[in-house]
Amino acid sequence: MEKVRGFEIAKGFEDKNINLPERKTRTSAGYDIEVAEDTVVPKFELGQKPTLISTGVKAYMQEDEVLYLYNRSSNFKKKGLMLANNVGVIDSDYYGNEDNDGHIMFSVINFRNEDVLIKKGEVVGQGVFGKYLVTDDDNAKGTRVGGFGSTNK
């Protein structure tokens, strides 16, 4: 079977009992993505860096596709968690990169006045695959050389 799009376990997580993301209903757009290991998200303080939550998974897709990462709808109400970048964008060439193998992480900020524990196996967010378009005069020629935050380096 030809691989078109999907999820795999990222390197370093093969023996960690990671569940691959899945949709819960037939018409769900998003694949629920779980946390790979217990993670404490510290209480909010001005100027703090976001916490990166490991998932242990990577995504493969066609060249003209993207995986959008969205916060779980109940995360803010129940835990005070928001995505630091509002919507994560996983490009097709992130898969298998030499820095981190394409390991997907959620960048979150805790707006509560207390630390929040996210337990292994909890759903942290959703991934939605989509196509993207380019302009008539697009001439992007660069290649990815790393993982998280590596564009233009």
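The values are calculated or read from the model by the stated rules, or taken from the named source; none is laboratory data. Values in this document were obtained by computation on a predicted structure and should not be read as measured data. All Cβ positions, even for glycine, are placed from backbone atoms using ideal geometry, and neighbour counts span all protein chains on display.
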Listing of strands (runs of 3 or more DSSP E) fully contained in the stretch 20-78 that carry 3 or more residues being of a type outside the set (D, E, K, R) and within 20 Å of SER92 (Cα to Cα): 57-60, 65-71
Residue check, VAL89 more than 20 Å from ILE18 (Cα to Cα), assigned to a loop (DSSP other than H, G, I, E, B) and β-branched (Val, Ile, Thr): no
Any hit, the stretch 40-49, residues being modelled with pLDDT of 95 or more and of a type in the set (S, T, N, Q): no
Among (1) closer than 25 Å to ASN113 by Cα; (2) at pLDDT 95 or above; (3) polar (S, T, N, Q) - the single one THR27 does not satisfy: (1)
Close pairs (7 angstrom Cβ cut-off, 6 or more residues apart or separate chains): without any contact (Cβ under 8 Å) to a residue 12 or more places away in the chain in the stretch 1-24, surrounded by 12 or more Cβ atoms within 10 Å (Cβ to Cβ) and part of a strand (DSSP E or B) anywhere: GLU22/TYR31; GLU22/ASP32; ARG23/TYR31; LYS24/ASP32
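Yes/no matrix, rows are residues, columns are (1) surrounded by 20 or more Cβ atoms within 10 Å (Cβ to Cβ); (2) in contact with a Pro (Cβ under 8 Å, 6 or more places away or on another chain); (3) among the hydrophobic types (A, V, I, L, M, F, W, C):
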residue: PHE7; (1), (2), (3): yes, yes, yes
residue: LYS16; (1), (2), (3): no, no, no
residue: LYS24; (1), (2), (3): no, no, no
residue: SER28; (1), (2), (3): no, no, no
residue: ALA36; (1), (2), (3): yes, no, yes
residue: PRO42; (1), (2), (3): no, no, no
residue: GLU45; (1), (2), (3): no, no, no
residue: SER54; (1), (2), (3): yes, no, no
residue: LEU67; (1), (2), (3): yes, no, yes
Residue tally, condition part of a loop (DSSP other than H, G, I, E, B) and either under 16 Å from the mean Cα position of the chain (by Cα) or among the hydrophobic types (A, V, I, L, M, F, W, C) (or both), over the stretch 1-19: 8
Number of positions in the stretch 86-111 that are over 16 Å from VAL66 (Cβ atoms) and touching a helix residue (DSSP H, G or I) at 6+ places or on another chain (Cβ under 7 Å): 0
Candidate set: the stretch 113-145, residues that are assigned to a loop (DSSP other than H, G, I, E, B) and surrounded by 15 or more Cβ atoms within 10 Å (Cβ to Cβ); chosen: the one modelled with the lowest pLDDT: ARG144
Matching residues, the stretch 92-112, being of a type in the set (Val, Ile, Thr) and in a loop (DSSP other than H, G, I, E, B): ILE104
